Amino acid sequence: MDESFTGGNLNRTRLILISIVFACASYISAAYTRADASGALDSLAPLTDLPPLVSLPFPRVPAALSGEQLFQQLHQQTEAAYQPSGHDYLEAKKFMFSKADNTGCGGAPGVLEFYSQICVKGSSQHGEDYKEQGDLNHDGTVDVEGMNAEHGWPQGYFNQSYPMRSDLHHIFPSFITPNSARGNLPFAVVSNAVYSTSNGTKMDSQGFEPADSVKGDAARAMLYFVVRYYDRSIREGMNYGNFWTNRVPMFLKWNRQDPPDANERRRNDLISQFQGNRNPFVDDPSLADKIGAQVFASH
Ligand SMILES: [Ca+2]
């Protein structure tokens with residue numbers, strides 16, 4: 001009886017110990033929930049110098065809002081939260097390469113190039129340190145000069161003005177060659193490519209088509225840009241119909257077919273810490289269709 005009593009105590013002790021171990025494991029697991037949302041982000045673990053994944057909360061939008069009202073609500077929301085005196089372009093690029101897009105390569109720090117989805121190891125703040133090691137994206141060029149910053153809304157269309165120039169919600173790390181190939185072309189569906197990467201990014205004389213895996217990212221960057229900046233000078237020397245208005249249904253489609261993944265949500269969180277506003281379409285992609293093509297095209 002004593003023995004079974006002692007055994008019961010031992011069993012209870014074991015149970016308590018096991019519970020404590022599980023509680024600790026759950027706590028650690030919860031801390032990495034976002035990182036674990038994608039296997040690709042397991043490599044976040046070594047980046048202990050990352051800021052904590054605590055960021056501005058997504059301001060809830062009244063469910064009844066749609067169309068122009070919703071567009072204006074998001075315009076105010078993204079504008080009001082922004083800190084215009086914050087960060088210049090160089091600082092923004094440093095943050096992009098070393099933090100926001102440093103999602104890691106196979107367990108080591110590294111940057112996933114936007115158009116080619118080629119990962120280049122490193123933790124540098126400078127794009128030129130992320131060199132293509134051989135022609136890994138099979139576009140015919142080895143990008144020995146590394147990466148630079150691709151503006152979803154080309155800089156020339158807003159005369160390189162701030163805050164558009166340094167707004168990371170529409171800026172992505174790109175090898176120099178695909179960035180140059182895109183130039184100021186509109187995003188489009190391309191049928192007769194004269195430039196391509198092995199993952200499906202394509203270009204012809206009329207447009208530039210990002211790979212399927214980043215079509216949604218590109219679309220949400222563009223939707224954000226118009227919501228945030230439609231009342232600024234963002235149409236300098238361009239055909240707005242060809243660049244934006246006629247493309248809106250395509251962007252809405254890309255937004256639906258390629259929803260935000262863990263990397264995109266992570267970058268939205270980190271950028272919100274850095275520049276003080278969020279891309280609401282990454283937080284809730286359904287907002288785009290609630291605004292609708294007609295309203296987007298009217299801005
Ligand atoms: Ca290449």
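Coordinate-derived values only; no laboratory data. Note that the coordinates shown come from a computational prediction; the quantities given were computed from them, not determined experimentally. Glycine also receives a Cβ, built like all others from the backbone with ideal geometry; neighbour counts cover every protein chain displayed.
For a straight C-alpha distance cut-off of 22 angstrom, the lysines reachable from residue 121 (same-chain residues fewer than eight places away being disregarded) are 93, 94, 99, 131.
Listed by chain and number, the lysines whose C-alpha is less than 21 Å from the C-alpha of residue 290, apart from same-chain residues fewer than 8 away, are 215, 253. Net charge of the neighbourhood of residue 259, taken over other residues with C-beta under 13 Å away and scored Lys/Arg +1, Asp/Glu -1, is -3. Going by neighbour counts of Cβ atoms within 10 Å, the residues 124, 213 line up, fewest first, as 213, 124. Arranged from fewest to most other beta-carbon atoms within 10 Å of their beta carbon, 60, 267 become 60, 267. A Förster distance of 35 Å, applied to the separation of the beta-carbon atoms of residue 206 and residue 64, puts the FRET efficiency at 0.30.
Taking a ≥ b ≥ c as the square roots of the eigenvalues of the Cα gyration tensor, region 42-297 is oblate, since a/c reaches 1.5 or more and a/b is not larger than b/c. Cα centroid separation, region 232-283 to region 110-137: 22 Å.
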